[in-house]
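> This is the structure, below, for whatever I ask next.
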Amino acid sequence: MLVVKIGGAAGIDYTPLCANIAELHAAGERIVLVHGGSDGANQLGMRLDHPPRFVSAPSGHVSRYTDRQTLEIFMMATALLNRQLVEQLAGLGLPALGLSGLDGGLLRGRRKDTIRIVEDGRQRILRDDWTGTAHTVNTPLLTTLLDAGYLPVIAPLAVSAHGEALNIDADRGAALLAGALGAAALVLLTNVPGLLRDVYDPTALITHIPAAELEQFQPLAHGRMKKKLLGAAEAIQGGVPQVVLADGRRQQPLSRALRGEGTVIA
Ligand code: ADP
């Protein structure tokens, strides 16, 4: 059982990944594919005259402000990517089944109903935020689909206790799924070769991190890479024996990641 997450960054061609999934699926591997979508949501937001807005927390951490309209744009953008992935996999003869974490209570989450931001040097509270953190997986639903031979393709949304849709982080969502499904590995595919000692030097790859030492590597990660390491830590805590951060832009990205090409956290 493998959980694979592919980023939504611009310029990623999903063809090699889909072909590689087809090979592993034919060899009997059970796979759940999770995808991102923030880049598509940013682009769609611009086209719909609702460009992304980024806010800074008092800690200095920058995040996207997801008001209701942004959430709806995120739903549209991730739905499109979900259907495109399902279409590509279907073209290879695979029984891909597109879902989001919202469907059938697949991912239950907690809404961050207020966020504290710093604007013009002053702190403010924002209340209309639709992001959250998933905490529970509807494992029987996924097991039923996997047992029936389907290949679930999951968009990063969750449902709150009040039935609201939430935008969740796809890396952390994939980590939660990997733990719940007892996956042998979580593979996080992105647009870099793995965790780099220097973001500007693709040859400065960290190839192996013992799970117990993951914390020490956090200072190397900036921006979105922080969420990947957090997801990796959560997957390990959830019982996943190995997490691989690897390049999604090359041929056979999944098989190569499983052979250890990338950053292996175990
Ligand atoms: P995805 O859409 O695949 O989830 P992101 O763009 O969100 O990917 O995150 C990957 C990005 O993280 C890289 O493109 C890189 O710019 C950034 N990054 C920050 N720190 C590091 C690091 N130490 N090593 C590698 N990438 C890093």
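> Please go through the stretch 1-13 and pick out each residue that is at pLDDT 95 or above and either within 12 Å of the ligand (Cβ to nearest atom) or buried (at least 17 other Cβ atoms within 10 Å of the Cβ) (or both).
Those that are at pLDDT 95 or above and either within 12 Å of the ligand (Cβ to nearest atom) or buried (at least 17 other Cβ atoms within 10 Å of the Cβ) (or both): Leu2, Val3, Val4, Lys5, Ile6.
> In the stretch 215-247, what residues are within 13 Å of the chain's Cα centre (by Cα) and either surrounded by fewer than 19 Cβ atoms within 10 Å (Cβ to Cβ) or near the ligand (Cβ under 10 Å from one of its atoms) (or both)?
Passing the criteria: Arg224, Met225, Lys226, Lys227, Lys228, Leu229, Leu230, Gly231, Leu245.
> Inspect the stretch 46-60 for any residue being in contact (Cβ under 8 Å) with a residue 24 or more places away in the chain and within 16 Å of the ligand (Cβ to nearest atom) and give the result as yes or no.
There is no residue in the stretch 46-60 that is in contact (Cβ under 8 Å) with a residue 24 or more places away in the chain and within 16 Å of the ligand (Cβ to nearest atom).
> If you don't mind, there's one more thing I want to ask. Looking only at the stretch 193-203, count every residue that is free of Cβ contacts under 8 Å to residues at least 12 places away in the same chain and within 8 Å of the ligand (Cβ to nearest atom) and tell me the total.
1
> Among residues belonging to the stretch 123-153 that are in a strand (DSSP E or B) and small (Gly, Ala, Ser), point out the one that is farthest from Glu72 (Cα to Cα).
Filtering the stretch 123-153 for residues that are in a strand (DSSP E or B) and small (Gly, Ala, Ser), the one farthest from Glu72 (Cα to Cα) comes out as Ala134.
The values are calculated or read from the model by the stated rules, or taken from the named source; none is laboratory data. Worth saying up front: this structure is predicted, and the values here are computed from it rather than measured. Note: ideal-geometry Cβ built from the backbone for every residue, glycine included; neighbour counts use all protein chains shown.
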